Ligand SMILES: [Fe+2]
């Protein structure tokens, strides 16, 4: 590390509310796609930037994250890295990675953090030297992924791991769900002035057709109810002053699942 060339990150909408993300290392010329939600927009961005796709880093097996794996591999002969916990479900996977593995990407090292809950094998990719993490469907702006395959406790443990990342970490997420998340978050913590302000800001951004991501760990710590399970005001609202963090998380997640 330390060659001084910053990582270049391009984020763009795919499908309806998925994010495509390309990362590019100017030093080596390597380019990777974080997940592969849709072939067309990813190829359009590669063409616009005049980048050749060298790798895909898959976070989990859901169709809206792997749909373009095989078409992109056919077009670019890129290599595909994905979670060992669900490798059999990742189309075209070449390399399976697990907790603590380090991937060399040009002049950058990428650390693998297992973040199960949304799916059993879900991984996040963390680049310490760039202070950026790709968390897909684990954390969203003011929200978190639905707990589809795992348990609430498993998902909470995953969020706790990500909470250990530095506050200034930029978080790239799998979906633009921010406005709906903000409306729900306000039901859990209506007295949080940072949340009230951010909810207004993101409504305005969306009204202008802009996206609301990436976010930062610092901002999520202040406004994301799923990361604030130890906040006395939230515990009081839920009547769970003596519950464990995982129990509070499970209650908030359950309320979000029922929220209209
Ligand atoms: Fe998903």
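The values are calculated or read from the model by the stated rules, or taken from the named source; none is laboratory data. What you see is a predicted model, and the numbers here were worked out from it, not measured in a lab. So basically every Cβ, Gly included, is an ideal-geometry build from the backbone, and we count neighbours across all protein chains shown.
Can you name the residue in the range 143-164 that is within 16 Å of the ligand (Cβ to nearest atom) and touching a residue at least 60 places away in the same chain (Cβ under 8 Å) and, of all such residues, is nearest to the chain's Cα centre (by Cα)?
Applying the filter and picking the extreme gives 144.
Just to be sure I understand, how many residues within the range 48-77 are in contact with a strand residue (DSSP E or B) (Cβ under 7 Å, 6 or more places away or on another chain) and farther than 19 Å from residue 114 by Cα?
Matching residues across the range 48-77 total 10.
The conditions are (1) assigned to a loop (DSSP other than H, G, I, E, B); (2) over 23 Å from residue 10 (Cβ atoms), and residue 168 fails exactly one of them. Which is it?
Result: residue 168 passes all but (2).
Is the range 69-83 home to any residue that is over 24 Å from residue 51 (Cα atoms) and either within 16 Å of the ligand (Cβ to nearest atom) or surrounded by fewer than 21 Cβ atoms within 10 Å (Cβ to Cβ) (or both)?
The answer is yes; a qualifying residue exists.
Based on this model, can you work out whether residue 58 counts as touching a helix residue (DSSP H, G or I) at 6+ places or on another chain (Cβ under 9 Å) and closer than 22 Å to residue 145 by Cα?
Considered against the rule, which asks whether it is touching a helix residue (DSSP H, G or I) at 6+ places or on another chain (Cβ under 9 Å) and closer than 22 Å to residue 145 by Cα, residue 58 comes out as yes.
Give me the pairs, please: first residue somewhere in the range 40-64 and closer than 26 Å to residue 86 by Cα and at pLDDT 95 or above, second residue anywhere and in a strand (DSSP E or B) and within 11 Å of the ligand (Cβ to nearest atom), beta-carbon distance under 6 Å, and either six or more positions apart or on two chains.
What qualifies is 59/136; 64/18.
For (1) touching a helix residue (DSSP H, G or I) at 6+ places or on another chain (Cβ under 9 Å); (2) surrounded by 20 or more Cβ atoms within 10 Å (Cβ to Cβ); (3) assigned to a helix (DSSP H, G or I), each residue gets a yes or a no:
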position	(1), (2), (3)
100	no, no, no
109	yes, no, no
153	yes, no, yes
161	no, no, yes
182	yes, yes, yes
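Has the range 197-207 got any residue that is modelled with pLDDT of 95 or more and either assigned to a loop (DSSP other than H, G, I, E, B) or closer than 22 Å to residue 131 by Cα (or both)? Steps first, please.
Of the residues in the range 197-207, the ones modelled with pLDDT of 95 or more are 197-207.
So of that shortlist, the ones also either assigned to a loop (DSSP other than H, G, I, E, B) or closer than 22 Å to residue 131 by Cα (or both) come out as none.
No, the range 197-207 contains no residue that is modelled with pLDDT of 95 or more and either assigned to a loop (DSSP other than H, G, I, E, B) or closer than 22 Å to residue 131 by Cα (or both).
Of all residues in the range 88-97, count the ones that are assigned to a loop (DSSP other than H, G, I, E, B) and under 21 Å from residue 147 (Cβ atoms).
1
I want to confirm something. Restricting to the range 48-67 and keeping residues that are farther than 19 Å from residue 104 by Cα and within 18 Å of the chain's Cα centre (by Cα), which single residue is farthest from the ligand (Cβ to nearest atom)?
67
Scan the range 119-136 and give yes if some residue there is within 16 Å of the ligand (Cβ to nearest atom), closer than 22 Å to residue 258 by Cβ and not in a loop (DSSP other than H, G, I, E, B), otherwise no.
No, because not a single residue in the range 119-136 is within 16 Å of the ligand (Cβ to nearest atom), closer than 22 Å to residue 258 by Cβ and not in a loop (DSSP other than H, G, I, E, B).
For the range 185-212, which positions are surrounded by fewer than 21 Cβ atoms within 10 Å (Cβ to Cβ) and touching a strand residue (DSSP E or B) at 6+ places or on another chain (Cβ under 9 Å)?
Correct list: 211 only.
Identify all residues within the range 220-244 that are without any contact (Cβ under 8 Å) to a residue 60 or more places away in the chain and within 19 Å of the chain's Cα centre (by Cα); write none if there are none.
Just the residues of the range 220-244 that are without any contact (Cβ under 8 Å) to a residue 60 or more places away in the chain, to begin with: 221-222, 228, 230-244.
Result: 221, 222, 228.
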